[in-house]
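See below for the structure under consideration.
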Amino acid sequence: MSKKGQKYKTITREEKIKAVKMHLEEGKSMREIEQNYFGYKNCTGAIARWVIEYRQEGEEKAFKKRRGLKKIKNESEVRYEILKKFNAFLDKEINRSTDS
């Protein structure tokens, strides 16, 4: 559990790739990497998540922040999202006009 005011260590993309390669190519254990390389006392499981992402995405796309809109699968979902936003807008306008 995190403590109030706790500072988290930011690990760069390059450090993550290096740690994953140490595990996959050199055969070092995840616990050993986390303790010796990152200075953690206990194994956090972060490297296991990084290995999964590295294998799924490949080295080029792994650990890049994904920002922006989420991908929408088909046209009906686009229409549904637009209608939801329009209904919210109409509700807001109706409430504004009745308050006046």
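The values are calculated or read from the model by the stated rules, or taken from the named source; none is laboratory data. Just so it is clear, the structure is predicted and the values come from calculations on it, not from any experiment. FYI the Cβ positions are ideal-geometry reconstructions off the backbone, even for glycines, and counts take in every protein chain you see.
Only helices (runs of 4 or more DSSP H) whose full extent lies in the stretch 3-100 are considered here, and the ones with at least 2 residues that are of a type in the set (Ser, Thr, Tyr) and exposed (fewer than 12 other Cβ atoms within 10 Å of the Cβ) are 75-99. Taking each residue of the stretch 49-64 that is in the same structural domain as Met30 (by TED's automatic domain parsing) and over 15 Å from Leu24 (Cα atoms) and looking for partners that are aliphatic (A, V, I, L, M) and at pLDDT 90 or above with beta-carbon atoms closer than 6 Å, six or more apart or interchain, yields nothing.
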